[in-house]
1. Spit out the partnerless Cys residues in the chain, using Cβ distances under 4.7 Å as the pairing rule.
2. What list of ³J(HN,Hα) couplings, whole Hz, do you get for the stretch 48-58 from phi and the Karplus terms 6.51, -1.76, 1.60, once you set θ to phi - 60° and write x for glycine and proline?
3. Run through all the Cα pairs of the chain and give the fraction in each 10 Å bin from 0, expressed as whole percent.
4. So what is the 222 nm mean residue ellipticity for the chain from helices alone, if each DSSP H run of at least 4 adds -39500 (n - 2.57) and you divide by all residues, rounding to the nearest 500 deg cm²/dmol?
5. Specify, per residue and in Å³, the volume enclosed by the convex hull of the alpha carbon atoms belonging to the stretch 77-159.
6. Note the angle between two axes, namely the Cα long axis of helix 6-17 and the longest principal axis of the Cα atoms of the chain, as a number of degrees from 0 to 90, rounded to the nearest 10.
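Every read-out reported here was derived from the displayed coordinates using simple, explicitly stated rules and does not represent laboratory data. These numbers come from a predicted model, not from an experiment. Note that we place each Cβ from the backbone using ideal geometry, even for glycine, and neighbour counts take in every protein chain shown.
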Amino acid sequence: MDIPAPDRLVRLAVDLVNTRTLSPEQLTSPAAVREFLVEHGESDPITIDDAGLEAVRAVREQLRPVFRAEPAEAARVLNGLLEENAVRPYLSDHDGSPWHLHVAKPGATWAEWLAATTALGLASFVAAHGSKALGVCAAVDCERVFVNAAEKRPRRFCTPRCASRTRVASYRARQA
Ligand SMILES: [Zn+2]
Ligand SMILES: [Zn+2]
């Protein structure tokens, strides 16, 4: 439950929101949350029950609007998540690990840990790149969120696949 490197925090936030878009819910069980955390570098033992699953989904839905919000609103949501879930950062060497930073309170639930760390990651990202660097895919049937650190090259789609699907669809629409 450490603070992963900044780019990993941003990816954690993006991937968490993208566990439910227009495609089916991926966090269907506590085991699915565990799998998500392991895939993102957390290690066992990871214990989550049904209430924990609901809490993680709730954090996800609090993060979602940040990706399409105006700057002041994005800041309000992220500050709220930090206020509720983060503590003053502190160094820890628990379990014989090298000294490292924690921003969630000792004994935080996974939902609290996710809220604190993803809000910190997105807040740092927005501070560096502006909230326009967060986005929601413009393809009609997608809704996945993404980040774009290249300010000079605005981005509208989550993947090249969505961009080309949209180009093909609009070309066909023009031909029809
Ligand atoms: Zn730790
Ligand atoms: Zn997309």
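1. C162
2. 3J(HN,Hα) across the stretch 48-58, in whole Hz: 9, 10, 4, 5, x, 4, 4, 5, 5, 4, 5.
3. 9, 35, 33, 16, 5, 1, 0
4. On the way: 6 runs with 87 residues, N = 176.
Computed ellipticity for the chain at 222 nm equals -16000 deg cm²/dmol.
5. Numbers: hull volume 11.4 nm³, N = 83.
That works out to 138 Å³ per residue.
6. Orientation of helix 6-17: about 70 degrees from the principal axis.
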